[in-house]
Each structure stands twice: as structure tokens, then as C-alpha cells.
Amino acid sequence: MTTKRNLMIFALGALAIASCDPVPSFDKDVIDATDIGAELRAAKPGFILGAATSHHQIEGGLTNDWTVFEQGTNDEGEPNIKNGDDSSVAADSWNRWPEDIASLETLGANGYRLGISWSRLQPTPGSWDQAAADRYRDMFDALNARGIRPMVTIYHFTLPLWVSDEGGWEWDGAPAAFEDFAQRAGAAFGDQIDYWVTLNEPNVLAIQAYSFGSWAPGVKDDMERATNVYAGQLRGHALASVALRANDTVDADGDGKATQIGIAHHVRLPQPASSYALDTALSAATNDYINDVVPRAITTGRLFLEVPGTITIDEDIPALKDSCDWMGINYYERTYIRADLSVSTLSTQYQPEGAEVTDLGWEVSPESLYHLLMRMDRYGLPLYITENGLADDDDDQRPSYLRAHLYAVLRAIQDGADVRGYLHWALIDNFEWAEGYEGLFGLFSIDFGGDLARVPRQASVDAFTDITGPLNAE
Ligand code: IFM
């Protein structure tokens with residue numbers, strides 16, 4: 001009964017969504033003829049253009065819930081990670097970070113989003129590894145000295161074992177543990193860092209780890225637990241934001257603001273597979289769950305999550321309201337939604353026939369990025385693209401993908417959206433979670449298992465510098 005009633009409400013929502021924002025179609029000749037760097041510079045002075053990574057995917061030498069998961073097998077007895085890969089060495093950025101910074105300089109980047117590892121810095125409750133903190137400080141100094149603004153993520157999918165052993169984000173002590181970490185990070189790095197990302201993609205983590213079961217801790221088909229984990233992260237974010245603001249009181253870049261806090265929010269454009277009521281209803285439900293939970297929470301303080309017929313969370317959390325100074329947008333694809341009440345997510349997602357897809361089979365749709373930016377801009381926060389990119393090992397798609405997606409950003413800015421930066425995923429090839437080393441996203445390639453040298457994917461690096469050149473011109 002509840003399921004039916006909720007689906008009807010979502011069907012009405014779907015009609016409302018269907019009636020707005022037609023997705024424009026971009027003309028390749030127009031994109032090619034546009035001087036994107038010069039136009040971005042004119043439309044948005046101070047635009048940040050750079051690249052992104054995360055600690056676990058590049059550093060190597062970590063111990064956390066993922067390093068345990070990487071050694072395990074799934075129900076079918078296969079390794080949790082494709083080809084039995086693991087992150088033990090990854091790109092060895094813990095030791096080779098100066099080469100990563102040199103790669104950013106080659107790109108002419110003026111921003112870099114990177115992660116710090118909670119488990120490395122706090123391997124046990126209440127501890128702090130000062131030697132590890134000092135190494136991060138060296139990295140931040142080197143970035144600041146080169147005019148590359150560091151944007152630091154403090155939680156990107158991995159937990160210290162002392163948190164995961166208690167139940168991870170299902171543990172009611174997890175938000176306070178995260179608050180403590182944020183407090184220590186703010187105090188340790190606040191004089192070097194203004195831009196903080198508390199959480200990366202809380203929606204994706206919840207679904208991959210507790211519904212698809214393909215990420216740590218590998219729980220399948222439990223949208224109730226997934227939703228609790230989604231909510232737990234947002235409760236942690238609320239506390240962490242207060243802690244960062246209280247402990248980072250130094251304005252590192254001299255713009256008058258000591259902390260600029262955001263969440264790297266994964267958005268996607270769900271489209272109903274047909275005009276049948278259930279497809280439109282589930283598309284609207286997915287749209288709310290994936291796209292709107294986070295911006296609603298950080299702008300109004302209302303934490304509202306619903307999986308029709310399974311779980312509803314509806315709480316007012318005062319510290320969530322205005323907890324962000326900006327919102328990060330991680331965009332990769334649009335998906336079609338087909339109702340399927342036999343699965344825990346109530347629908348399956350698929351790509352349209354004949355679409356251009358990346359090495360991981362994700363559709364290339366820059367128009368959807370434009371559409372989502374215009375939608376997310378309505379929440380009234382400045383936007384930074386904290387991730388956008390593709391797996392493309394032989395580099396035959398990335399140059400045009402990069403131009404088309406930056407063109408989408410430019411168009412959104414010209415149409416009024418307050419987009420202030422774009423950080424391409426990824427700077428270098430890295431450990432792509434359950435895909436191991438099969439999804440290669442880097443502007444620079446890495447020979448994993450070989451010499452780990454950072455080798456430019458030249459066509460992409462050229463496409464990037466064609467834009468940073470005019471963008472950074474005096
Ligand atoms: O590699 C991931 C990253 O960790 C989170 N966002 C998506 C990327 C590509 O899958």
C-alpha cells in the first residue's frame with residue numbers, strides 16, 4: 001500500500017520534471033571553433049582548471065577496509081577485484097608525488113583535488129601520525145608554491161579498520177569519529193588549505209557497497225542498509241563541517257575566507273525507459289535519491305531519503321543547513337531507468353543503443369552535464385566540477401570528450417550557472433575500485449607493475465593545454 005502511494009507521488013514528480021529543461025544538442029563544428037579557454041576566462045575570471053585523484057587510488061602502502069576487501073572473494077568464489085588486482089602499490093604516489101605535481105605543471109593546471117587518508121593519519125582511535133601529516137604538508141606546500149590550489153578530500157570511500165570493525169557508517173559512533181578526524185585535519189593543514197571536500201559521492205558508496213555488493217564491505221541487495229549508510233555519511237558531514245570551520249581559521253589564499261567546504265556530489269541524468277507510469281515513477285524516485293538528497297540536505301538541513309516501500313528517513317539536522325560553501329559535481333553519464341520491482345533498487349539502469357561509450361561502457365553525453373549544471377545551479381551554491389572524465393586507454397576519445405564537456409561548462413556559465421572550476425578525473429591512471437587496473441582514466445598513463453613512470457597521453461595533454469593556455473594568459 002505504502003509502495004503504491006509513494007510510487008504515485010513519484011509519478012507526479014516525474015511529470016513535473018519531464019516538463020522542464022530540454023537537453024540541448026551540441027554541434028561538433030561549433031565546439032571545434034570555440035576558443036574554450038579564452039571564453040571561460042572572459043565569462044568566469046579566476047576559473048579553476050585542473051585535475052583530480054584520491055588517496056587510495058594512487059598512494060599505495062595503505063591499510064584500511066578496502067585493502068582487506070581487495071584480498072577477498074565474492075559469493076561465486078571470484079576475487080572481489082577484477083584480475084585479482086589490489087591497491088598495495090597503485091601509482092606509488094606516496095613516494096612519487098613530486099612527479100604528479102610536475103604532471104600538473106605540464107598541464108598548466110591551477111587546481112588539484114587530492115585526498116588525505118584517514119587510516120594513514122589516524123591508524124587507531126585518537127592517534128595522529130605526524131610523519132604522515134608532514135608528508136602531506138610537503139605536498140601542499142609544493143602545490144601552493146606553484147599556484148596550484150589544493151582542494152582536499154577527507155573521506156573518499158575508505159575507512160580505518162577501527163571504524164569499519166564497528167560497522168562503518170552504520171555505526172552510530174562513525175559521525176563523531178569523522179568529526180574528530182576533521183578537527184585534526186583542519187588544525188594540521190588549515191594554514192595551507194582553504195578548499196575542503198568532506199565526502200566523495202555518498203550516494204554511490206551506499207549503492208555499490210550495500211546494494212550491488214561490489215565494494216567494501218560487499219553487502220548485496222540491502223537498500224535499507226544502503227540508505228542508512230547514505231544518511232550516516234551526511235550526519236558525519238554536518239559534524240565535520242562545523243569542526244573544519246572551528247579548526248581551520250587561517251585564510252591560506254588571501255581571499256578573506258579560511259574555509260570553503262563542499263561535498264563531491266555524484267549526479268547523473270536518469271531518463272525513464274518509456275512513458276509507462278512505473279518507469280517514470282522510478283525514474284523520478286532515482287532522480288531524487290541520486291541527485292536531490294545532498295543539495296536539499298545542505299541547503300535546508302532536511303535529511304530526506306526514501307526507497308519506496310523499503311525505508312524513509314526524514315530528519316531535520318540544523319548543522320546540515322548551510323554546511324557547504326559550494327557544491328562539487330561529479331558527472332560521468334546519463335542512464336535510462338526501467339522499473340523492475342524484483343530488485344532492491346526497484347529499477348535497472350542501462351545505456352541507450354548505439355551511443356558512444358567509453359572503455360567501461362559509459363555513455364558519452366556532454367549535453368547531460370549542461371542540463372545537470374543548470375538544474376543543480378538552482379540550489380544557489382557555487383558549483384565546481386570535482387570529477388568528470390572517462391576510461392580511454394588508447395586516448396582516441398578523451399581529447400574530444402574533454403573539449404565537449406568543457407564546452408558544456410562554458411555554455412552553462414554563459415546561461416547563468418555559477419560554475420567556478422573543473423577538475424578532470426583523473427590526473428594519472430589509478431586503482432579503479434572493483435575494476436582494478438582496467439578502467440584507465442589518466443591524462444597521464446602509468447605502467448602498473450612496470451616502472452610507474454607518468455607518461456603523457458599526448459593528445460589529451462595537448463587538448464588540455466590548448467585550453468589552459470588562453471585561460472591563464474595575463
Ligand atoms: O574512480 C572513481 C572515483 O573514485 C569516484 N568517482 C568516479 C571515478 C571513476 O569511476
Q: Give me a count of the residues in segment 42-59 that are more than 16 Å from the ligand (Cβ to nearest atom) and not in a strand (DSSP E or B).
A: 6
Q | Matching option when the condition is over 20 Å from GLU435 (Cα atoms), in a loop (DSSP other than H, G, I, E, B) and small (Gly, Ala, Ser), among SER88, SER127, SER103, SER119 | A | SER127
Q) What number goes with the only condition from (1) under 24 Å from SER87 (Cα atoms); (2) surrounded by fewer than 20 Cβ atoms within 10 Å (Cβ to Cβ) that ALA145 does not pass? A) (1)
Q: Mind telling me which of the residues SER344, SER275 ends up being surrounded by fewer than 22 Cβ atoms within 10 Å (Cβ to Cβ), more than 16 Å from the ligand (Cβ to nearest atom) and more than 30 Å from PHE441 (Cβ to Cβ)?
A: SER275
Q. So which of ARG378, ARG398 is within 16 Å of the ligand (Cβ to nearest atom) and either without any contact (Cβ under 8 Å) to a residue 40 or more places away in the chain or basic (Lys, Arg) (or both)?
A. ARG398
Q: Among the residues of segment 16-41, count how many are modelled with pLDDT under 95 and part of a helix (DSSP H, G or I).
A: 3
Q: Tell me which of these PRO295 doesn't satisfy, since it passes every other one: (1) under 22 Å from the mean Cα position of the chain (by Cα); (2) open to solvent by 10 Å² or more (accessible area, probe 1.4 Å).
A: (2)
Q | Verdict on ALA285 being at pLDDT 95 or above and crowded, with 23+ Cβ neighbours inside 10 Å | A | no
Q) Out of all the residues in segment 145-170, which are farther than 15 Å from TRP66 by Cα, outside any loop (DSSP other than H, G, I, E, B) and within 23 Å of the chain's Cα centre (by Cα)? A) ARG149, PRO150, MET151, VAL152, THR153, GLU170
Q: Would you check if GLY361 is of a type outside the set (Val, Ile, Thr), within 16 Å of the ligand (Cβ to nearest atom) and open to solvent by 20 Å² or more (accessible area, probe 1.4 Å)?
A: yes
**Q.** Identity of the residue in segment 315-338, away from the ligand (no atom under 16 Å from the Cβ) and over 26 Å from ARG245 (Cα atoms), that ends up farthest from the chain's Cα centre (by Cα)
**A.** ARG338
Q.
So GLY262 ticks every box in (1) modelled with pLDDT of 95 or more; (2) touching a Lys or Arg at 6+ places or on another chain (Cβ under 8 Å); (3) within 16 Å of the ligand (Cβ to nearest atom) but one. Which box is left unticked?
A. (2)
Q. Within segment 375-409, how many residues turn out to be more than 22 Å from PHE441 (Cα to Cα), open to solvent by 10 Å² or more (accessible area, probe 1.4 Å) and either acidic (Asp, Glu) or out of contact with any helix residue (DSSP H, G or I) (no Cβ under 6 Å at 6 or more places or on another chain) (or both)?
A. 6
Q.
Being in contact (Cβ under 8 Å) with a residue 24 or more places away in the chain, out of contact with any Pro (no Cβ under 6 Å at 6 or more places or on another chain) and surrounded by 23 or more Cβ atoms within 10 Å (Cβ to Cβ) narrows it down to one residue among TYR331, TYR350; which is it?
A. TYR331
(Q) Looking at (1) within 16 Å of the ligand (Cβ to nearest atom); (2) under 24 Å from GLY262 (Cα atoms), which one does LEU62 not meet, given that it meets all the others? (A) (2)
Q: Tell me, yes or no, whether segment 416-430 has at least one residue that is open to solvent by 10 Å² or more (accessible area, probe 1.4 Å), closer than 28 Å to ASP92 by Cα, more than 16 Å from the ligand (Cβ to nearest atom) and of a type in the set (Lys, Arg).
A: no
Q) Can you list the helices (runs of 4 or more DSSP H) found entirely within segment 171-255 that contain at least 1 residues being open to solvent by 10 Å² or more (accessible area, probe 1.4 Å), more than 16 Å from the ligand (Cβ to nearest atom) and over 27 Å from ASN388 (Cα atoms)? A) 174-189, 223-247
Q.
Can you tell me which condition SER323 does not meet? The list is (1) among the hydroxyl-bearing types (Ser, Thr, Tyr); (2) without any contact (Cβ under 8 Å) to a residue 40 or more places away in the chain; (3) not in a strand (DSSP E or B), and all the others hold.
A. (2)
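The values are calculated or read from the model by the stated rules, or taken from the named source; none is laboratory data. Computed from a prediction, not measured in an experiment: that's the story for all the values here. With ideal geometry, Cβ positions are generated from the backbone for all residues, glycine too; neighbour counts draw on all protein chains shown. We work out accessible area using only protein heavy atoms, side chains counted, and drop any ligands, DNA or RNA first. Shrake-Rupley method; radii C 1.70, N 1.55, O 1.52, S 1.80 Å.
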